[in-house]
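One structure is given below, encoded as structure tokens.
What follows is calculated from the coordinates using simple rules that are stated; it is not laboratory data. Being a predicted model, the structure only gives us computed values, none of them experimental. Glycine gets a Cβ as well: all are built from the backbone with ideal geometry, and neighbour counts include every protein chain shown.
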Amino acid sequence: MVHPLLFLEFFRKLLEPLHVSEASADAIAYTWLIIIMLLVLSVLATSALKSIPGGLQNFMEVVVGGIENMIVETMGEHGRPFFPLIATLAIFILVSNLTGLIPGFFPPTANINTTAACAVIVFLSTHVVGIRHHGLHYLKHFMGPIAWLAPIMFFIEVIGHLSRPVSLTLRLFGNMNGHELVLMIFFGLAPFLVPLPMMLMGVLVSFIQAFVFMLLAMIYIQGSLEEAH
């Protein structure tokens, strides 16, 4: 097994000509590692599909089915087309969060560049979906219900929509980075007593943050599909 420090050192040297900071290089390295791991997992789960699933196929069907049901319950049947986007973000964020619980590893979601990238994807997808669904009538979402208040409402709505990716970015980054800092402090103070409780809390935080990000993504996309009033 390749030592994580050797893996990180390879990416640091690879990205050195681009003047990428060490923290960002590490986040990129872990991100690619997680992407490759998820790709391999997907291939293994779908390489020999059976009518009566078992093992890895059964586990993945439970995960995928649970996310699909949540999307349908939140967005309705018209939310199904967005399952690949939302499920991919949810699984990637969850696995990234849980990576921080492995000794010697650091979660990519504890780096603001990673969380910003996920937030921008949601932000752009929301408005692309809105424009494709409504055409130019999508602008009515920014005008408000009263015509003479439209200029003011447009300004307020634009600020509100721009705050969404900022909120998504900082919420996920703040919680994951804060958890890593607290974990390191407690490990320094009581390395033999803290691990198990902190690990359990880390698992809980990881699931909650992935769920919140997924839920907000669904709400934002659902809002872009609704008719403006």
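Springs between Cα atoms under 10 Å define the GNM used for the chain, and in it the highest mean-square fluctuation of 183, 39, 215 occurs at 39. The alpha-carbon atoms of the chain define a convex hull whose volume equals 178 cubic angstrom per residue. What is the log10 of I(q)/I(0) for region 127-168, computed with the Debye formula using one identical point scatterer on each Cα and no solvent, at q = 0.16, 0.18, 0.24 Å⁻¹? Reported log10 I(q)/I(0), two decimals: -0.45, -0.56, -0.86.
A helix-only calculation puts the chain at -26000 deg cm²/dmol for mean residue ellipticity at 222 nm, using -39500 (n - 2.57) for each DSSP H run of at least four residues, averaged over all residues. When +1 charges are put on Lys and Arg Cβ atoms and -1 charges on Asp and Glu Cβ atoms, the dipole computed for the chain relative to its Cα centre reaches about 120 debye.
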